[in-house]
Amino acid sequence: MSTEVRVPTLGESVTEATVATWFKKSGDTVAADEMLCELETDKVTVEVPAPAAGTLGEIVANEGDTVGVDALLAMIEEAGAGATSPAPKKSEPAAPAAAPSGEAKMTDVMVPALGESVSEATVSTWFKKVGDTVAQDEMLCELETDKVSVEVPAPAAGVLTEIVAAEGTTVDATAKLAVISAGEGAATAAPAATAAQAPAQAASGAGVKNAPSADKAMAEKGIDPASVSGSGRDGRIMKEDVAKAASAPKPASVSVATAPAAAPRGPVNADDASREERVKMTRLRATIAKRLKDSQNTAAMLTTYNEVDMTEVMALRKEYKDMFEKKHGARLGFMSFFTKACCHALKEVPEVNAEIDGNEIVYKNYVHMGVAAGTPQGLVVPVIRDADSMSFADIEKAIAEKGKRARDGKLSMAEMQGGTFTISNGGVYGSLMSSPILNPPQSGILGMHKIQDRPMVINGEIKIRPMMYLALSYDHRIVDGKGAVTFLVRVKEALEDPRRMLMDL
């Protein structure tokens, strides 16, 4: 008994289609609903399933033929009643055995959530290679964004069968990174590693033909097939894939964020060159360089200095640090005093806590305090939200927790966004004085420095006091010199007499 394979309904106002690809050939065994061929119309691509199980007989419409709705495409010779397999045609080899029941289940590995305003990332390291067995939640690779590194866990256990985005590739927030196969067929599902490493082969690998209309569209638009992700069977590039690639916004960079151009190097002799090492900037380092240079180019940045006598803070800390740690489970450091002092001063000088948005100044009636932290990967600034309403203990706990997460590379994007003012402590590295650079779009940043005993004149007498230089860098476009100096003096007064903070003076 024969069954006809005909063109399905193509949609409203669509009367014809082109046969793009046959996935089967005459004599092949087919299962019911297995895809036989693919048709292309002006609007969509249509897959044609087998209406019955059996053997594919005559193919009436070959690849490239134009056919109308309900046109005959091929014939399927159904197996006889009770037969376990269709009879082979005369002079033809027997049809291959049916596929094993334990087929591998394919799971896509997608880019995880990158955070607000982050649209792309760079694949920095793959911890696994094609063919490796992976456990669920095992780390597969690491992505770098402009601000943090993001680890990508395996969504399921199985075998890593394909790596779509190789190291150094820039991917958007919805991109596919790899494919994991699970099930009985997983062990044989992995392709050769060399073929899987090239992301372009996912779309147009050897032996996979693109749709004719897609090839024509790519030639007309000058689009490289390697840059188009195919949605058709086995990664075939379809006409709509080309249209999507043509309309997609072009990434600013192919691999990493572009760092500010540096002055060209002078001549280097061969002996020196042989002892040098060139290392490509990480995405994070390049972004730090770009943002800091943009800050200098955009803001009218100016720095004012003062010094603070740390005697009272040090005495207070020494007296209560043991009781503080016993009650709150956190060490009493200097950062909570400086955070509180800055929050106190920002209430009096709100423009230091503001930002410019076009032709408007946005005043913040809250303080989200950024605390700059150095990590092996570079400088990051986690944000303590609503620091102005937090206690000393809450601030110390938040700083300790975020500092640890920063060093471990575990900070999320949300934890580094929305800061209104920043404190940077160069004193932990021994810096005696520096001019911190603004963290845009913020208008102020306080630089702390090393505490050093110095001779000071106190009531006409020379005494040794623990002194620290303070530096406030500010955006002179909205912060006048009077406001900047007033802010720094208020911080100084609060630290030299901590009781002022308790009494809101």
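Laboratory data are not the source of any read-out in this text; all were calculated from the coordinates shown. Please read these numbers as outputs of a predicted model, since none were measured by experiment. Here the Cβ positions follow ideal geometry from the backbone for every residue, glycine too, while neighbour counts run over all protein chains shown.
List HIS328, HIS449 from most exposed to least, where exposure is judged by having the fewest other Cβ atoms within 10 Å. Intermediate values should be presented prior to the final figure.
Working: HIS328 15, HIS449 24.
Ordered from fewest to most neighbouring Cβ atoms within 10 Å, HIS328, HIS449 come out as HIS328, HIS449.
Put in line by how crowded their Cβ is, counting other Cβ atoms within 10 Å and starting with the fewest, ARG331, ARG317 read ARG331, ARG317. Among 333-339, 390-396, 293-299, the peptide with the highest mean count of other Cβ atoms within 10 Å heads the list, and the full ranking is 333-339, 390-396, 293-299. May I ask you to list the lysines whose Cα is less than 29 Å away from that of LYS221, ignoring any residue fewer than eight positions away on the same chain? Qualifying lysines at Cα under 29 Å: LYS43, LYS176, LYS209, LYS239, LYS244, LYS250.
Which entries of LYS321/LYS410; LYS340/LYS402; LYS402/LYS463; LYS318/LYS402; LYS105/LYS129; LYS105/LYS280 have Cα-Cα distances beyond 27 Å here?
Numbers: LYS321/LYS410 29 Å; LYS340/LYS402 18 Å; LYS402/LYS463 38 Å; LYS318/LYS402 24 Å; LYS105/LYS129 19 Å; LYS105/LYS280 38 Å.
Correct reply: LYS321/LYS410; LYS402/LYS463; LYS105/LYS280.
Please state the shape class of the range 299-502: rounded when a/c is under 1.5, otherwise prolate if a/b exceeds b/c and oblate if not, all from the C-alpha gyration tensor. Oblate shape, in that a/c is at least 1.5 and b/c is the bigger or equal ratio. Using the alpha-carbon positions of the range 345-433, Rg (one decimal) and Dmax (whole number) come out as 14.1, 40 Å.
If the only charges are +1 at each Lys and Arg Cβ and -1 at each Asp and Glu Cβ, what is the size of the charge dipole of the range 299-502 around the Cα centre, to the nearest 20 debye?
Details: 26 positive and 25 negative charges, 130 e Å.
Dipole about the Cα centre, nearest 20: 620 debye.
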